[in-house]
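Report on one structure; see the data block that follows.
The values are calculated or read from the model by the stated rules, or taken from the named source; none is laboratory data. All of these numbers come straight from a predicted model, not from anything done at the bench. Positions of Cβ are backbone-derived with ideal geometry, glycine not excepted, and every protein chain shown enters the neighbour counts. Side chains are part of the model used for accessible areas, which takes the heavy atoms of the whole protein and leaves out ligands, DNA and RNA. Shrake-Rupley method; radii C 1.70, N 1.55, O 1.52, S 1.80 Å.
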Amino acid sequence: MNRGVTFKVVLLGEGSVGKTSIVLRYTENSFNDKHIETEQASFRTKKLILDGRRVELSIWDTAGQERYRALGPLYFREANGAILVFDITDQDSFNQVKDWVKQLKRVLGDDVVLCIVANKADLEKDRHVSMQTAEEYASAVNAKLYNTSAKLNKGIEELFNNLTQRMLEKT
Ligand code: GDP
Ligand code: MG
């Protein structure tokens, strides 16, 4: 097997869209109905093997700084991949994704692999952001769109596998 490779992946998005839930679902297969407190968040690693390559993901979650728009360039620096999460029931959270994308591109240029994540897919009946709108935006910024539900464990594994695949293609 080839030598392993490590990728830095950052989570971004408004508070309460489900960033921490996505990370905990992926790394521990757990889900909590409550907002997950900061201390449980921050930094996690996950090892996987994809196409015979050993990969370690270091996954950076916010510690709530997004609420104060205080996530500085240090957080994004040298990220290989970014997961920009919005809540399909919250139009404003989608608008905020656009701000994060701008900031990211300012710091990282076009080198970073972008994932736009439409989370809380289980709340389809309360959807406020159409698939088409999200799809059009994602392709305009050269990102891919993923639909997830951290609650139902839908689309999470696919998100990280596909992101990893795309990061590997860049190496
Ligand atoms: P963060 O602030 O972006 O890290 O969001 P959290 O992961 O703390 O989640 C905020 C709230 O949304 C919590 O009450 C979660 O249980 C809930 N949540 C997260 N993901 C989902 C989901 O896929 N579906 C539903 N229905 N709720 C979710
Ligand atoms: Mg969180």
Tell me what the chain gives for mean residue ellipticity at 222 nm when only DSSP H runs of n ≥ 4 count, each as -39,500 (n - 2.57), the sum divided by the residue total, rounded to 500 deg cm²/dmol. -10000 deg cm²/dmol
Along the stretch 55-61, Karplus-curve 3J(HN,Hα) (6.51, -1.76, 1.60; θ = phi - 60°) to the nearest Hz, with x for Gly and Pro, reads 10, 10, 9, 9, 9, 9, 9
For S58 and N95, compute 0.36 nm times the residue count separating them, minus their Cα-Cα distance, and round to one decimal in nm. 10.7 nm
K125-R3 FRET efficiency (beta carbon distance; Förster radius 35 Å; 0.05 resolution): 0.15
Give me the percent of accessible area attributable to carbon and sulfur for the chain, probe 1.4 angstrom. 46
Restricting to the stretch 5-170, compute how many DSSP beta bridges are antiparallel as a %, nearest 5. 30
Order 18-27, 131-140, 93-102 from most to least packed using the mean count of other Cβ atoms within 10 Å. 18-27, 93-102, 131-140
Stretched out fully, how many nm does the piece from K102 to R166 gain, at 0.36 nm a residue minus the Cα gap? 21.0 nm
Cα-based shape type of the stretch 80-171, given that a ≥ b ≥ c are square roots of the gyration tensor eigenvalues and the cut on a/c is 1.5: oblate
Unit charges at the beta carbon, dipole of the chain: most positive-side option, V117, M131, G81: G81
Of G13, G155, G72, which has the largest mean-square fluctuation in a 10 Å C-alpha GNM of the chain? G72
Residues of the chain: accessible area per residue at 1.4 Å, in Å²? 51
Kindly point out which whole DSSP H helices in the chain project their C-alpha atoms 24 angstrom or further along the helix axis while averaging a Kyte-Doolittle hydropathy of -1.0 or above. 91-108
Compute the signed sum of charges (Lys and Arg +1, Asp and Glu -1) over the other residues within less than 15 Å, Cβ to Cβ, of V141. +1
